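What follows is calculated from the coordinates using simple rules that are stated; it is not laboratory data. Owing to the predicted nature of the structure, the values given are computational and were not obtained by experimental measurement. Cβ sites come from the backbone with ideal geometry, for glycine too, and all protein chains shown count toward neighbours.
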Amino acid sequence: MAVNSRKVAIVGCGFVGSSTAFALMQSGLFSEIVMLDADKAKAEGEALDISHGVPFSKPCDIYAGDYDDISDSAIIIVTAGAAQKPGETRLDLIKKNVGIFKSIIPEIAKRNFKGILLIVANPVDVLTYAAKQLSGLPDNRVFGSGTVLDTARLRYNLSEHLSVDPRTIHAFIIGEHGDSEFAAWSSANVSGVEISRFCEMRGYFHDHDAAKENIAEEVKNAAYDIISKKHATYYGIAMSAKRICEAIVRDEKSILPVSYIQHGRYGLNDVALSIPVIVGKDGIETEIPFSLNDDELSRLRESAKTLKSVIKSCDLELPEE
C-alpha cells in the first residue's frame with residue numbers, strides 16, 4: 001500500500017497523544033489524523049473534541065481507527081504507555097512499557113508499514129530500541145523524539161538568562177532523554193557567538209561554568225518539576241512531535257537531536273540515544289560531524305552504558321558484540 005504523505009496516526013490517546021493530535025490539527029501539515037487507543041471510546045471522544053476546532057484551522061479529517069486504518073500513514077507516532085508518576089524516573093517505566101510495545105509494534109509491522117515510526121512514549125530511548133527490534137524496519141525510519149524537548153528547554157532557559165530570542169540559540173542536550181543527559185556546551189553558541197562571550201556581553205562576567213551547570217540541571221529536572229505540580233507533561237512534547245513531523249513532511253533537512261540506534265559513532269553500538277542528525281522526508285538522512293570534547297564524550301558513553309544496562313534488564317536481545 002502506498003504511503004499517504006498527508007496522513008498521520010497517533011497510537012495512544014492520553015495527555016501526550018491527544019495534545020499531539022491537537023497541535024498537528026492546528027499545524028495544517030496533515031489532511032488526515034487517525035487516533036488509536038486500547039480504549040476505543042477514549043480515542044473517539046478525543047477525535048471528536050479535536051475535530052470541533054477544524055473550522056478555525058485547516059481542513060482535516062480526524063477520526064478514531066484501528067491498525068488497518070493506519071497502515072498507509074506517512075508517520076505513526078507512538079505515545080502509548082504507562083504515565084510517569086511523581087518520584088518515578090523515566091527508566092522506572094521500562095518493563096511496563098516494553099510489554100505494551102510488544103502488543104503494538106508487531107501489529108504495525110505485519111501490515112507492511114512503509115512510513116516513519118516516531119516513538120514518543122517514555123523511556124523513549126529504550127522504547128525506540130524496542131520498536132526497532134520488534135518492527136524490523138530500517139534504522140532511518142524508526143527513531144524517537146529523544147532530546148528534542150530537552151534541547152527546547154535548554155534554549156528557552158538560556159534565552160531567559162541572556163534576554164535573547166531562543167531561536168537564535170544553537171545548543172543541544174544529548175545522550176539519554178533522562179537522568180544521564182547533558183548539555184554539549186563545547187559547541188553551544190548564539191548566532192555564532194560562543195556562549196561565554198555572549199554572557200559577558202550581557203553583563204555576566206563571573207561563574208560562567210556554574211551558571212551553565214545550573215541551567216543544565218534545571219533542564220534535566222524540568223519534567224520532575226512539572227509532574228510534581230500538575231502530574232504530567234504534555235504540551236512541550238506535543239510541540240516537539242509537531243516539530244519533528246514538520247521536518248519530515250516538508251523535507252526540511254533540519255538538524256534535530258532525535259534518538260536513534262547507534263552503529264559505531266563515538267564508539268557506541270546497539271543502543272538508542274540522541275545526537276543531532278539531519279531529518280527529512282525519509283526520516284534520518286545522515287549524521288553530522290558533531291564535535292564533542294573529552295569530557296562530553298565520556299559523559300555520552302556513560303549515558304549509553306546506563307541505557308544498555310536497562311535494555312539488558314528487559315526481554316530484548318542485544319546483538320552480539
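According to the square roots a ≥ b ≥ c of the eigenvalues of the Cα gyration tensor, what is the shape class of the stretch 4-144, taking rounded for a/c under 1.5, prolate for a/b larger than b/c otherwise, and oblate for the remainder? Because a/c hits 1.5 or more and a/b fails to exceed b/c, the stretch 4-144 counts as oblate. Check each of the chymotrypsin sites (Phe, Trp or Tyr not before Pro) in the stretch 168-260 and keep only those in coil by DSSP with at most 15 other C-beta atoms within 10 angstrom; list them in order. Loop-located and lightly packed - TYR204, PHE205.
Just to confirm a number: summing +1 for Lys and Arg and -1 for Asp and Glu over residues other than GLY45 whose beta-carbon lies under 14 angstrom from that of GLY45, what do you get? Numbers along the way, then the final one.
Working: positive: LYS40, LYS42; negative: ASP37, ASP39, GLU44, GLU46, ASP49.
Result for the neighbourhood of GLY45: -3.
Over the chain, Cα pairs under 8 Å with separation of 6+ residues give a relative contact order of 18 percent. For the stretch 4-144, the dipole from Cβ point charges (+1 on Lys and Arg, -1 on Asp and Glu) about the Cα centre works out to 400 debye, to the nearest 20. Distance between the pseudo-spin-label points of VAL193 and ARG250 (7 Å out from Cα toward the beta carbon): 2.7 nm.
When the Cα atoms of the chain are enclosed in a convex hull and the volume is divided per residue, what value in Å³ results? If you can, show how the numbers build up before the last one.
Values: hull volume 42.3 nm³, N = 321.
Dividing the Cα hull volume of the chain by its residues yields 132 Å³.
Projecting the Cα positions of GLY192, GLY99, ILE116 onto the charge dipole of the chain (unit charges on Cβ atoms of Lys, Arg, Asp and Glu, taken about the Cα centre) puts ILE116 furthest along the positive direction.
Mind ranking 148-154, 23-29 by how tightly packed they are, going by the mean number of other C-beta atoms within 10 angstrom, highest first?
Put in order of decreasing packing, that is 148-154, 23-29.
Rounded, prolate or oblate: which one fits the stretch 148-313, using the alpha carbon gyration tensor with axes a ≥ b ≥ c (rounded when a/c is under 1.5, else prolate when a/b beats b/c, else oblate)? Judged from the Cα gyration tensor, the stretch 148-313 comes out rounded (a/c under 1.5). Principal-axis analysis of the Cα atoms of the chain puts helix 124-135 at an angle of about 40° to the longest axis. Taking the three principal axes of the alpha carbon atoms in the stretch 247-321, the coordinate ranges are 38, 32, 17 Å, sorted in descending order. The share of Cα pairs per 10 Å bin across the stretch 185-276, counted from zero up to the longest distance, runs 13, 26, 38, 22, 1 percent. For the set LYS85/LYS308; LYS7/LYS281; LYS58/LYS114, the pairs lying more than 19 angstrom apart at their alpha carbons are LYS85/LYS308; LYS58/LYS114.
Rounded to the nearest 10 degrees, the angle from helix 148-162 to the longest Cα principal axis of the chain is 40 degrees. Only Lys, Arg, Asp and Glu carry charge here, each on its Cβ (+1 for the first two, -1 for the last two); on that basis the chain has a dipole of about 460 debye about its Cα centre. When the stretch 1-106 is described by a simple charge dipole with +1 on each Lys and Arg Cβ and -1 on each Asp and Glu Cβ, the residue from SER19, GLY45, TYR63 located farthest towards its positive end is SER19. Loop-resident trypsin sites (Lys or Arg not before Pro) (DSSP state other than H, G, I, E or B) in the stretch 188-281 with no more than 11 further Cβ atoms inside 10 Å of their Cβ are absent.
Computed over the stretch 106-243, the Cα gyration tensor eigenvalues convert (square root of 5λ each) into semi-axes of 33, 16, 12 Å, ordered from largest to smallest.
Annotation: peptides 133-146, 282-295, ranked by per-residue average of other Cβ atoms within 10 Å with the highest first, follow the order 133-146, 282-295.
In terms of its Cα atoms, the stretch 147-224 spans 32, 23, 20 Å along the principal axes, sorted from long to short.
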